[in-house]
Amino acid sequence: MQAVEEPDDEQVEGNKKRGGGPKTPEGKATSRYNAQKHAILRETITKYEDVEAGQIYDELAEAIKPKGRVQELLVENIASNAIRLLRIARAEAEAVKGAMNPGGLDLARFDGGYKPIMKRMIVEELLLYSRYQTATENRLYHALKALKELQRDAEDI
């Protein structure tokens, strides 16, 4: 194994002078999640959900004011599950929309005569989304309960 050299005082001072955080919008966007010690939220979101996930985490962190790593981890867990619930709701809406209007038909021309039928495959897909939603809600409520207990225990000390 190769030895790691300790920086000398000159290198440390040079790094301090160049520091000060990100300056560009891209750098600021990249550093948004640096405070999250365990990066759960970052690992569970897509680039399409990035802004929304950041807002949800920021709002939760502001409202809950986590103290310490364990509480920060639980806030990330809550935010991650909130994003999953939004994702499930959107997927379910797309499945229903596709089943109710297959092929993007112009429903206005049917004068009330068109009655969509949900095929078995769509019903099974919706049941799967329902199970995902239940499991995700259970994880969310479990994290909320654990956070509440930690905060209550901290107040008792």
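Couplings 3J(HN,Hα) of region 136-145, computed from phi: 5, 4, 4, 5, 4, 5, 5, 5, 4, 5 Hz, in residue order, whole Hz [Karplus 6.51 cos²θ - 1.76 cosθ + 1.60, θ = phi - 60°; x for Gly and Pro]. Rounded to 0.05, the FRET efficiency of the Tyr132 and Ala154 pair, given R0 = 35 Å and the Cβ-Cβ distance, is 0.60.
Applying 1/(1 + (r/R0)^6) with R0 = 35 Å to the Cβ-Cβ distance of Ala63 and Lys119 gives a FRET efficiency near 0.25.
Counting Lys and Arg as +1 and Asp and Glu as -1, what is the net charge of the other residues whose Cβ lies under 13 Å from the Cβ of Ile88? Kindly include the intermediate steps, with their values, before the conclusion.
On the way: positive: Arg84, Arg87, Arg90, Arg131, Arg139; negative: Glu49, Glu92, Glu94, Glu125, Glu137.
Spelling it out: positives minus negatives among the neighbours equals 0.
Taking Lys and Arg as +1 and Asp and Glu as -1, the other residues whose beta-carbon sits under 15 Å from that of Ala135 total +2.
What pairs from Lys23/Lys148; Lys119/Lys145; Lys23/Lys47 go past 28 Å between their alpha carbons?
Details: Lys23/Lys148 37 Å; Lys119/Lys145 39 Å; Lys23/Lys47 21 Å.
As for pairs spanning more than 28 Å Cα to Cα, those are Lys23/Lys148; Lys119/Lys145.
Each reported figure results from applying straightforward, stated rules to the coordinates on display, with no laboratory input. Keep in mind that what you see is a predicted model, and the values were worked out from it rather than measured. Glycine also receives a Cβ, built like all others from the backbone with ideal geometry; neighbour counts cover every protein chain displayed.
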